[in-house]
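Chemist: Handing you this structure, nothing more for now.
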Amino acid sequence: MLNRPLSDFSIPTDSDFDVVVLGAGVVGINTAYWAMRAGRKVAVVDRQPAAGLETSFANGGQISVSHAEPWANPSAPLKILKWLFDGRSPLLFRPRCDVHQWLWIAQFLVDCLPQRADRHTTEIVKLATESRHLLGEIRSRENLQYDKRRKGILHFYRDQREFDAAIRVADLMRKHGCNRNVVDKRELLAIEPAFEASIDDIVGATYTPDDESGDALKYTQGLAQICADNGVAFFYGSTAVALDAQKSAQYIAAVEIRTPFGYQRLRARDIVVAGALSLRSEASLDRRSLRGLRIPLSSR
Ligand SMILES: Cc1cc2nc3c(=O)[nH]c(=O)nc-3n(C[C@H](O)[C@H](O)[C@H](O)COP(=O)(O)OP(=O)(O)OC[C@H]3O[C@@H](n4cnc5c(N)ncnc54)[C@H](O)[C@@H]3O)c2cc1C
C-alpha cells in the first residue's frame with residue numbers, strides 16, 4: 001500500500017489549496033471554518049482518524065473570557081516552588097540538560113513580573129472576547145449541538161490572598177470589557193445554591209455572566225462536519241512530516257504529509273500550524289532561518 005504510485009490516489013497528488021491547516025483540534029477546525037467562509041479552498045490534515053481526538057477531546061468545557069490570566073503571573077513562582085516539594089501537586093517537573101528548557105523557564109519567570117502579566121492578561125481578554133463573539137456568530141448561523149450552557153462562570157476562593165489577587169485581576173479585566181464582577185457570599189448563593197453546605201469555607205467569588213460552557217469534542221466534530229459539507233478537504237490519518245520552504249520566494253510553499261497510502265505534498269498559499277505540532281528544532285521557526293530550509297516536523 002505504501003508503495004502505491006501517487007497517481008493512483010483518489011486525492012490528486014499535486015493538490016493546491018489556498019489554506020492548509022495542520023491539526024484538526026478546536027483551533028484548527030475554527031481556522032478552517034473561517035477560511036472556508038472567506039471563500040478559500042481549504043484542506044485540514046490530522047494524524048488522527050477524526051477531528052478533536054487529542055487535547056480538544058476532553059477539557060473543562062469553559063468558554064471563559066474571565067479565565068484570561070496567564071499561568072505566568074506574580075503568584076506563580078511561589079506556588080510552583082511549593083508544588084515542587086509536594087508529591088500530590090498538579091505539577092510534574094523533569095529537569096533536563098536542555099538549554100531550551102532552562103531558557104523557557106527563564107522567560108516564564110520574566111513573564112511573571114506584574115507589569116508583563118497585566119499586559120498579557122489585557123491581550124488575552126481582548127482575544128478571548130473576540131473569540132466568544134465569533135462563537136456566537138457561528139452559533140447563530142449553524143445548527144451546532146454541543147451541550148452549550150450560557151449561565152456564566154463563577155470562580156470561588158478559599159484563600160484570602162488568592163481572592164485579593166483575583167479582585168485586582170477582575171478590576172483589570174472590567175477595564176477591558178470583560179464583566180467579571182466580585183460577588184459576596186449572599187450573591188454567590190443566589191447564583192448557585194449548591195454552595196450552601198460549604199459557604200463558611202469560602203472567602204469570596206467572582207462571577208462573569210457572559211461566560212459559557214460546552215462540550216469541546218462535540219463542538220469540534222460538529223464544526224468539522226459543517227466544513228466538510230461545504231467543501232473543505234480532510235486528510236485524516238495523515239501526519240505532517242515537513243514544511244517545504246521555497247528558496248527563491250522565501251516562504252513556506254508546501255507541506256509534506258504521510259497518508260495511509262504514502263507521501264503526498266500539499267501546496268498552499270497559507271499554511272496554518274494549529275496542532276501544537278512539535279517542531280524538531282523550534283529555533284528554525286524563526287522567519288529568517290526558515291528561508292531555504294526544509295523543516296522536519298516531529299510528532300510526539
Ligand atoms: C485538562 C485540560 C482542561 C482544559 N480546560 C479548558 C477549558 O475549560 N476551556 C478552554 O478554553 N480550554 C481548556 N483547555 C485547553 C484546550 O483544551 C486546548 O487549548 C485546546 O483543546 C487546544 O486545541 P488545539 O486545536 O490547539 O490542539 P489539539 O486539540 O491537540 O489539536 C491538535 C491536533 O493536531 C494534530 N497533530 C499534531 N501533530 C500533528 C502532525 N505532525 N501531523 C498531523 N496532525 C498532527 C493532533 O492529532 C491534534 O488533533 C484545557 C486543557 C486541558 C489539558
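Each value in this text was obtained by applying a stated rule to the coordinates, not by laboratory testing. This structure is a prediction, so every number in the text was calculated from the model and none was measured. For neighbour counting, all protein chains shown are included, and Cβ atoms are generated from backbone atoms with ideal geometry for every residue, glycine included.
Chemist: Taking the Cα centre of the chain as the origin and placing charges on Cβ (Lys, Arg +1; Asp, Glu -1), which of F93, T259, I63 is farthest toward the positive end of the dipole?
Modeler: T259
Chemist: For the residues Y207, Y157, what sequence is obtained by ranking on other C-beta atoms within 10 Å, fewest first?
Modeler: Y157, Y207
Chemist: Rg(Cα) of segment 62-214 divided by 2.2 N^0.38 Å?
Modeler: 1.20
Chemist: Considering the chain as a Gaussian network with a 10 Å cut-off on Cα pairs, which listed residue, R132, R258, R116, attains the greatest mean-square fluctuation?
Modeler: Among R132, R258, R116, the largest GNM mean-square fluctuation belongs to R116.
Chemist: While we're on this one: May I ask which residue of L103, F156, N179 lies farthest towards the positive end of the charge dipole of segment 98-214, with charges of +1 (Lys, Arg) and -1 (Asp, Glu) on Cβ and the Cα centre as origin?
Modeler: N179
Chemist: Right, something else. Which semi-axis lengths, in whole Å and largest first, follow from the square roots of five times the eigenvalues of the Cα gyration tensor of the chain?
Modeler: One finds semi-axes of 40, 25, 17 Å for the chain.
Chemist: Sort L188, L266 so that the residue with the fewest other Cβ atoms within 10 Å of its own Cβ comes first and the one with the most comes last.
Modeler: L188, L266
Chemist: Further question: Take every DSSP beta bridge whose two residues both sit in the chain, then give the antiparallel share in percent to the nearest 5.
Modeler: Percentage antiparallel, nearest 5: 70.
Chemist: Starting with the fewest neighbours, write out Y33, Y236 ranked by other beta-carbon atoms found within 10 Å of each beta-carbon.
Modeler: By the 10 Å Cβ count, ascending, the order reads Y236, Y33.
Chemist: With each label point set 7 Å from Cα along the Cα-Cβ vector, what nm distance links N59 and I191?
Modeler: Distance between the two pseudo-spin positions: 2.1 nm.
Chemist: Let me ask another. If you put +1 on each Lys and Arg Cβ and -1 on each Asp and Glu Cβ, how big is the dipole of the chain around its Cα centre, in Debye rounded to 20?
Modeler: Using only the charged Cβ atoms, the result is roughly 800 debye.
Chemist: Shifting gears a bit: Within segment 46-74, whose backbone N sits under 20 Å from a point 7 Å along Cα→Cβ of D164?
Modeler: 73-74
Chemist: Now, a different point. For the chain, what relative contact order do you get, as a whole percent, if you take Cα pairs closer than 8 Å and at least 6 residues apart?
Modeler: Over the chain, the number comes to 30 percent.
Chemist: While we're looking at this one, here's another question. Quick one: grab Rg to one decimal and Dmax as a whole number for segment 179-240, Cα atoms only, in Å.
Modeler: Taking only Cα atoms of segment 179-240, I get Rg and Dmax of 20.6, 56 Å.
Chemist: Expressed as a rounded percentage, what relative contact order does segment 62-214 have, with Cα pairs under 8 Å and six or more residues apart?
Modeler: Result for segment 62-214 is 34 percent.
Chemist: Alpha carbon centre of segment 137-157 versus segment 164-215: separation in Å?
Modeler: Between the Cα centre of segment 137-157 and that of segment 164-215, the gap is 18 Å.
Chemist: So, how do all the Cα-to-Cα distances of segment 188-277 break down into 5 Å bins, in percent, from 0 on up?
Modeler: Reading the bins upward from 0: 3, 9, 12, 13, 12, 9, 7, 6, 7, 7, 7, 6, 1, 0.
Chemist: What lysines could a cross-link reach from K151, if we take a straight Cα to Cα line under 29 Å and drop same-chain neighbours fewer than 8 places away?
Modeler: Result set, ordered by chain and number: K126, K175, K185, K218.
Chemist: May I ask for the distance between the Cα centers of segment 55-81 and segment 95-121, given as a whole number of Å?
Modeler: So the two Cα centres are separated by 15 Å.
Chemist: For D200 and F108, compute 0.36 nm times the residue count separating them, minus their Cα-Cα distance, and round to one decimal in nm.
Modeler: Net length gain for the segment: 29.6 nm.
Chemist: Rounded to the nearest 0.05, what FRET efficiency do D16 and E123 give with R0 = 25 Å and r taken as the Cβ-Cβ distance? Could you check?
Modeler: Details: r = 35 Å, r/R0 = 1.40.
Calculated value: 0.10.
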